[in-house]
Each structure stands twice: as C-alpha cells, then as structure tokens.
Amino acid sequence: MVLGIAQTPEKQSKVIKLLHADFTEINENEVPGAKILIGNVQAQHDSMYIYCNKAYLFEKENYIKLFGNVNLIQDDTLQLNSKYAEYNGMQSIAYASGNVVMTSPDSSLKSEKVYYDRNTGIAYYNDHATITNKQNTLKSKSGKYYTRELKYEFRTQVVITNPETVIKSNHLDYYEDSGHAYLFGPSTIDNKSNHIYTENGFYDTRLNEGKMIQNSFILYDNKRIEADEMFYDEKTSYAKGINNVKVTDTINNMIATSHYAEVFRAKDSIYMTKKPLIEYYTEKDTSYFHAKNIQIVGPDKQRVIKGYPNARVFRTPDMSGKADSLHYDQKIGLMQLIGKPVLFKGESQLTGDVIHLINDIVTEKLDSLKVLNNAFVIERDTLGTGYNQAKGINLYGKFIDNKITQIDLVQNTEMIYYIYDEGELQGIDKGICSKIVLELEDNKITTATRMIDPQGTTYPPEQFADGDKLLRGFLWRGDERMYSIEELFSDEELKHDETAEKEVKKNEKVIEKPMEIQDKTLNFKRKSKAPNVIKKREEAE
C-alpha cells in the first residue's frame, strides 16, 4: 500500500490542501476557476490523501477533479483507485469512475462507478460490482459498503461464490471480517450436495453453517426438509428443524412431520420428536406411524423406522395398532409391534407378546401377519352382547386385497364362537384343540373350525353360563382402537400442536423486523461489529 506523505498531517481542515504537483498553472480559457495541477499530484483533506497524474483544483468551491492513476487513501486502511474521480471537500463526498477498485484490509471492490461519503463512511454503486473477500467472491447490481462496520449491503442480483458454496439473493448483508451473510427475501444456498431456499436467514460462509426462519427448505437426494426454523451444518451433513417440520422423501414414498427433527445425512438418519408422524404411502393404501420418538435410518429402499415409546400405527382403511415400540424394515417388508401390542383389523382385535405384519415387497400390499406367544383374537358379537374368542400359542393370518381371509391359531388353542342362522342365535360353541382355523369375509369371522383332537360343546344360548363366556386372559381393548390419523396423538400432543400454530402466527406478525442470531445453537463466533439481525424464536415446548 502506498502511503505517500511521510510527514504527520496537520490538524484536520475542511480545505483541500495541495501538497505537491510537478507543474501548476491557471488557464481560465481551459478550466475557468480552477488551478491546473500536472504530474505527481498529491493533496490532502482531513485524514484522506489524494494522488493522481493530473487534477483541477477549484479552491473557492473546495472541489477537485482527478485524472489518471487516481488513488485516494484514508487512514491507511481504505484505498480507492480509478481512472477518474471527483471529490467535494465541502461535503466530503467522492465519485470515482473507470476501473474503480476500492480496497480494505479484508476485501476489494471492483466497479465502473463508485460513490463514497466520508461523513457516513458509506460507499455505494448502482452499476454492478465484484467484491473479493478471502475465499468469497461477491457480485451484485447495486450495493453499499459500510467502511466503519466492515459491512456490505447488497441489492439486486447478489451472488456469493466460494469453493464450497454459491449464494444468490436480491437482498443480502455481508460482514467481511467474519464472512457472515444475512439473507432477506427469496434466497438460495447451493453447495456440493444440497440446495437451500429461504426468505429470511443467516449463513456463515467460512464455517458453512446457517440458520433460516422463514419459508425455508433444504433439498438433497430427492428429499425435501422444511420447518419454521432450520439450522444447517455442511461440514457434518447435519440439519435441524423446529416447529412444523416436514421431510418429504419421494424415493422411499415417505412424508415425515414433527415439531423437532435432526437429519444426519452422512448416516442416512433422521430423528424426530414432538408429535412425529411418518406417512408411508403405496398405490393401494397408506400407513401412518407415530411414537414419542421416531428414528429413520438406512439407505434408499432399505429404510428402517423405529418408534418408541407409545408407538401407534394406522393403516387405511381400517387397521390400527398400539405397542410400546414399533420397528419397520422396508427391505423385507416387516413391521413389528413389541411390548403389550394390540392390533385392530376390521371387527377383530389381536393381541400377543409380539405382532408381525408382513408386506409383499414387490406389490407393497399386506401379505400376512403373525402373533407370537399368547395369541388372542376377539371379535365383538355385533348381534348380541358377547364376544367371539380364539386363543393359542401362536397365530398366523393371510391377507388378500388388504383383507384378512384366514387366521390359524396353533398349540393349546381354545375357542368361543356364537353361531347364528338368519340372524337368530342358535348356540354357542366352546372347546379346545391343537389348531383353530377362522375364515373371514370383509374382515369378519364367518366360520370357526376346531382341528386336531377337537373337544368341545355347543350350548343353547339359555344354558351358557355367564362365567363361561370369557376365556382366560380375555382383555377387550376396544377403547384403544383408532379410527383416524388424529387419534394417533394424545390430547397433550394435540394441545402442543395448537400452541405451536399460535407461536407461528405470532412470529409472522414480526417477521419483517430485523432478525436475531442464536449463536449458542451453532457455536457461531460472530464479532461484535455485526449487529443482531435474526429474530429469536422460542422452541415449542
């Protein structure tokens, strides 16, 4: 950097002071009212030094025009070079044109025209500029540079590029000392593997970390992640969403929603809590999974869904179930309900120690089910007050077109079955055997057959004692059956959802105000010169 004059400047003055010129003349015919300065021109105004090849100094107006190799230096920290410039000493405003280059300790700005107001410390341009700041290159049609805050304020066609990221916006504030970018209005962030969109956000271009709080989403590998508030870390392939989170996975036919989610891309993993819901859809039906916590892991077409505790499943049109936990393996089409499971299909309730539902991995239709240990089937007698019941060690069922057509119970089986003829109760069959076969139509038991060493009696209705109407271990859990997606959630979760929606509406009213950064969340080391410009939101409890 050329410092020019070695002497200590005199006390600041409002007058442009000529320090040196090889040749000086006055020619009223050529330049009325000006002193013509030629060769190695050097001048000073306050703490700014002026250099050029030729100049017109209008002493009365305290104004100077500069030609050739123009160099303005302020406080040894800011330089402006150009082919031509004008400087108004009364207003302390400079105008430069022709290959303009403005440099500061951390960046340089190149444009054809630049205006600089020393009173406010603001430089601005309206005819495109390119800024270089360490590894970042910034371009925009118009913008301002705040020399005191070391801040760029860009407008119209803003692009930031570095080896890792490309950021585009029409309104972006950038701090050259920290590399922090603040995005306002429709903006995109693209790196090697992700596309991010936001209308209000923050991005650290050096750490590749960001926070987005309005109409934001992330795209990667045919997956879309959106939320009211999002955090992103490219280094660790990590993203976090808070409130109204939605992850759409078109490859795996899944939509996941919650009010809190963490995505670990490198591990093919998603963790969700606060009212999580997984929608797994096929051509024929849709399955919904819910639990207090849900984790999705594994590569495409081999996803594994784990839900715990209070796991629940609802499958259109008429199946629902509950357990302490669920485990679904997409690769083999197996869903397991573990820990006090209950499954409702049509009019039947199935319970046991573990329940397995198996999909055909080609057609993705329900193929079969297993109930292992203490299998128990109950169907309410819709024409009376009793219950059809069958129990055994294990149960095996077969589906055709999403309907149970046959159920086999094996080992130590027992049965109570109400026999009707044209709507009239004819008798009640009760007995034991080694195997029971139940045949169903439209998910209702139509025939019950005892096989292999059958023993039993058919009682007339009036002779069937109340004490004999229930098999040992009978537990009707019909009040736990779910008929809609909403019933998957507890009252507490629904209340939380209403609170979250109110919080969103509340924040929508103030979204236009400056945003406030939560540095602790991502460990941003933002310097004090960059003001807080991202509105803080509380996470929904």
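The values are calculated or read from the model by the stated rules, or taken from the named source; none is laboratory data. This one's a predicted model, so the numbers in the text were calculated from it and none came from an experiment. Using ideal geometry, Cβ is built from the backbone for each residue, glycine included, and neighbour counts are taken over all protein chains shown. The accessibility values were calculated without ligands, DNA or RNA, using every heavy atom of the protein model including side chains. Shrake-Rupley method; radii C 1.70, N 1.55, O 1.52, S 1.80 Å.
Annotation note: of Ile189, Ile196, the sole residue that is buried (at least 17 other Cβ atoms within 10 Å of the Cβ), out of contact with any His (no Cβ under 8 Å at 6 or more places or on another chain) and assigned to a strand (DSSP E or B) is Ile196. Per this entry, Thr120 is counted among residues that are in a loop (DSSP other than H, G, I, E, B), under 43 Å from the mean Cα position of the chain (by Cα) and farther than 19 Å from Leu18 by Cα. Tally time: how many residues in the range 195-219 are farther than 14 Å from Lys240 by Cα and without any contact (Cβ under 8 Å) to a residue 60 or more places away in the chain? Here the count works out to 7. Residues being within 17 Å of Phe399 (Cα to Cα), open to solvent by 10 Å² or more (accessible area, probe 1.4 Å) and among the polar types (S, T, N, Q) are entirely absent from the range 337-358. Within the range 228-253, residues that are modelled with pLDDT of 95 or more reach partners that are assigned to a loop (DSSP other than H, G, I, E, B) with beta carbons closer than 6 Å, at six or more positions or on different chains, in the pairs Glu229/Ile213; Glu229/Arg537; Ile242/Glu539; Asn243/Asp228; Asn243/Ala540; Asn244/Asp228. Scanning the range 368-419 for residues that are under 18 Å from Asn443 (Cβ atoms), assigned to a loop (DSSP other than H, G, I, E, B) and in contact with a Pro (Cβ under 9 Å, 6 or more places away or on another chain) gives a single hit, Asn402. Within the range 328-344, the set of residues being under 17 Å from His290 (Cβ atoms) and assigned to a strand (DSSP E or B) comprises Tyr328, Met335, Gln336, Leu337, Ile338, Val342, Leu343, Phe344. Quick test for you: out of Tyr87, Tyr95, Tyr115, pick the one residue that is open to solvent by 60 Å² or more (accessible area, probe 1.4 Å), in a strand (DSSP E or B) and modelled with pLDDT of 95 or more. From the options Tyr87, Tyr95, Tyr115, the qualifying one is Tyr115. Thr273: under 19 Å from Leu488 (Cβ atoms) and in contact with a Lys or Arg (Cβ under 9 Å, 6 or more places away or on another chain), yes or no? Taking the combined requirement at face value, the residue satisfies it.
A quick yes/no check of all residues on (1) among the charged types (D, E, K, R); (2) touching a Ser or Thr at 6+ places or on another chain (Cβ under 8 Å); (3) surrounded by 14 or more Cβ atoms within 10 Å (Cβ to Cβ); (4) over 18 Å from Thr351 (Cα atoms):
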| site | (1), (2), (3), (4) |
| --- | --- |
| Asn443 | no, yes, yes, no |
| Arg450 | yes, yes, yes, yes |
| Pro461 | no, no, yes, yes |
| Gly478 | no, no, no, no |
| Met482 | no, yes, yes, no |
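When the range 168-202 is filtered for residues that are within 29 Å of Thr77 (Cα to Cα) and of a type in the set (Asp, Glu), the ones remaining, listed by number, are Asp173, Glu176, Asp177.
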